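Participant: What follows is a single structure, and I will ask about it in a moment.
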Amino acid sequence: MTISLINQSLENHKNQLLNHSLYQKVRTIEDLHTFLEQHVFAVWDFMSLLKALQNKLTCTTTPWLPIGNPEIRYLINEIVVAEETDLAFDGTRQSHFEMYIDAMQECGATTTSIIAFLENVKSTQNIFVSIKKSDLHPNVKAFLDFTFRIIEEGKPHQIAAAFTFGREDLIPAMFTEILKNFQTNFPETKLDKLVYYFERHIELDADEHGPMAMKMIAELCGTNETKWKEVQEISVEALEKRIGLWNAIEAQMGVNVVMV
């Protein structure tokens, strides 16, 4: 199997995401806030997929040892540098999650839910308990549970599949669609940091991280057909969970509910 064959097999799921009715539902500032307050969980858990890959594919403990394939080490470390310490809107260094939080605050969205959730994660020291006990939408819970189940199972090619086909490969196109709505529907709302965040993702993922992640998949699977099959299966499930997340956000549009 190859990257191109996997992409072909995912075409239907990708089209569902790229043509999702959610994009057209973001019509008011309240809708925008709803989107941001739910989507931020995907921005956050993406970082755990990334760090899980770094832990699996490079040496992050002492004494240091030259673990794994140097080409793969390079690819994952390059992505980590940009995602964890990128240039923010004001020229300082921030993770993309922190950029997103700042952008939410700038446009008036509440960060109460995500901050409370992260505090609970620190308290329980068990991500699955925190997910289960939260008041998040069931689809958001399923999205997070899938991410951390894949991380816990610990197979690098499967984690890379969720990271690549479920996230990086789709981000440029999805965010471009969302940006169109933002620029059309909210011309007077302060969105400088949010627009910067989306444009930065489009730039990085389309030009650098997307191709790097695809190369990482190819390096991890090589000629092992079992690994390729598992990559395909995980990729399908990742896309299904993303569609579920989009459905959950769309269902919340117009509903005045603060989720904790």
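Participant: Using only the C-alpha atoms of the chain, find the volume of their convex hull and express it per residue in Å³.
Facilitator: 126
Participant: Still on this structure: Could you check how much of the accessible area of the chain is carbon and sulfur, as a whole percent, using a 1.4 Å probe? Provide the component values of the computation, followed by the final result.
Facilitator: Details: 6050 of 11740 Å².
Carbon with sulfur: 52 percent of the solvent-accessible area.
Participant: What is the magnitude of the charge dipole of segment 88-188 about its Cα centre, with +1 placed on the Cβ of each Lys and Arg, -1 on the Cβ of each Asp and Glu, and no other charges, expressed in debye to the nearest 20? Don't skip to the end; give the middle numbers.
Facilitator: On the way: 9 positive and 13 negative charges, 84 e Å.
For this selection, approximately 400 debye.
Participant: List the pairs from LYS25/LYS241; LYS122/LYS227; LYS51/LYS180; LYS51/LYS229 whose alpha-carbon separation is above 26 Å, in the order I gave them.
Facilitator: On the way: LYS25/LYS241 20 Å; LYS122/LYS227 34 Å; LYS51/LYS180 31 Å; LYS51/LYS229 24 Å.
Over 26 Å Cα-Cα: LYS122/LYS227; LYS51/LYS180.
Participant: Taking the Cα centre of the chain as origin, work out the dipole magnitude from +1 charges on Lys and Arg Cβ and -1 charges on Asp and Glu Cβ, in debye rounded to 20.
Facilitator: Using only the charged Cβ atoms, the result is roughly 580 debye.
Participant: Given PRO156, ASN181, HIS96, which one lies farthest toward the positive end of the charge dipole of the chain, if we put +1 on the Cβ of every Lys and Arg and -1 on the Cβ of every Asp and Glu?
Facilitator: PRO156
Participant: For ASP192, ASP90, ASP102, ASP31, give me the order by solvent-accessible area with a 1.4 Å probe, most accessible first, ignoring ligands, DNA and RNA.
Facilitator: Details: ASP192 75, ASP90 110, ASP102 45, ASP31 15 Å².
Per-residue accessible area, sorted high to low, gives ASP90, ASP192, ASP102, ASP31.
Participant: Could you order LYS193, LYS56 by accessible surface area, starting with the largest, using a probe radius of 1.4 Å? Kindly include the intermediate steps, with their values, before the conclusion.
Facilitator: On the way: LYS193 65, LYS56 100 Å².
Sorted descending by solvent-accessible area, the residues read LYS56, LYS193.
Participant: Can you send over the solvent-accessible area of HIS209, 1.4 Å probe, protein chains only, in Å² to the nearest 10?
Facilitator: About 0 Å², rounded to the nearest 10.
Participant: Another question about this same structure. Please give the helix 70-84 orientation as an angle from the longest Cα principal axis of the chain, in degrees from 0 to 90, rounded to the nearest 10.
Facilitator: It works out to around 10 degrees.
Participant: Which angle between 0 and 90 degrees, to the nearest 10, do you get for helix 225-252 versus the longest principal axis of the chain when only C-alpha atoms count?
Facilitator: 10
Participant: If one takes the longest principal axis of the Cα atoms in the chain, at what angle in degrees, from 0 to 90 and to the nearest 10, does the Cα axis of helix 96-106 lie?
Facilitator: Relative to the chain, helix 96-106 is tipped by roughly 0 degrees.
Participant: Okay, moving on. In percent, how large is the relative contact order of the chain, given Cα pairs closer than 8 Å and 6 or more residues apart?
Facilitator: Values: 288 pairs, mean separation 89.0, N = 260.
Relative contact order comes out at 34 percent.
Participant: Right, something else. For segment 79-131, what does the accessible surface come to per residue with a 1.4 Å probe? Please give it in Å².
Facilitator: Per-residue value: 46 Å².
The values are calculated or read from the model by the stated rules, or taken from the named source; none is laboratory data. Keep in mind that what you see is a predicted model, and the values were worked out from it rather than measured. Every residue, glycine among them, receives a Cβ derived from its backbone with ideal geometry; neighbour counts consider all protein chains shown. For accessibility, only protein heavy atoms count, side chains too; no ligands or nucleic acids. Shrake-Rupley method; radii C 1.70, N 1.55, O 1.52, S 1.80 Å.
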